[in-house]
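J.: Okay, handing you the structure first.
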Amino acid sequence: MSGLKNGNPRHTLTVEEQRRGGQKSAETRARRKSIREAFEAICAKEYTDANGHQIDGITAMCMKQFQLAMNGDTKAFVEIRNSLGEQPVQRVEVDTIDPQARERVERILSED
């Protein structure tokens with residue numbers, strides 16, 4: 001029974017539907033690429049700040065994000081903190097070990 005997996009057909013689309021899906025996927029990839037290229041161009045462009053200094057788009061965005069954070073925008077603060085690599089780590093401790101086994105392991109480790 002080729003083409004079957006777990007008794008179900010692998011796909012139920014016609015060849016034409018598969019072809020159109022592939023075309024749509026290619027169009028979506030091209031659109032995403034063009035959006036990325038547009039943002040890269042905007043970020044690379046030089047802008048003049050309020051003091052007359054020339055800055056690139058990335059610097060302008062960082063300055064605006066900083067300004068928002070300074071005015072109390074918590075989301076802006078979180079993004080800056082995360083960009084600086086200071087995102088808090090969430091730790092979850094799972095304690096499913098038998099307490100007696102845990103004590104034996106701790107005793108063995110403390111003997112060294």
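The values are calculated or read from the model by the stated rules, or taken from the named source; none is laboratory data. This structure is a prediction, so every number in the text was calculated from the model and none was measured. Cβ sites come from the backbone with ideal geometry, for glycine too, and all protein chains shown count toward neighbours.
J.: Any residue in region 26-47 that's surrounded by 10 or more Cβ atoms within 10 Å (Cβ to Cβ): show its pairings with residues that are among the hydrophobic types (A, V, I, L, M, F, W, C) at Cβ separation under 8 Å, as long as the two are six or more apart or on different chains.
T.: Going by the 8 Å Cβ cut-off, the qualifying pairs are C43/I58; C43/M61; E46/I55; Y47/I55; Y47/A60.
J.: Please go through (1) acidic (D, E); (2) modelled with pLDDT under 90; (3) part of a helix (DSSP H, G or I) for E40 and return the number of the only condition it doesn't satisfy.
T.: Status for E40: all satisfied but (2).
J.: Let me ask something additional. Report, by residue number, each residue of region 49-108 that is modelled with pLDDT under 85 and closer than 27 Å to F39 by Cβ.
T.: Q87, the sole residue that qualifies.
J.: Quick check: is even one residue across region 3-23 touching a strand residue (DSSP E or B) at 6+ places or on another chain (Cβ under 8 Å) and either at pLDDT 85 or above or in a loop (DSSP other than H, G, I, E, B) (or both)?
T.: yes
J.: Do you know which residues across region 67-92 are assigned to a helix (DSSP H, G or I), farther than 24 Å from D49 by Cα and not polar (S, T, N, Q)?
T.: Correct list: V78 only.
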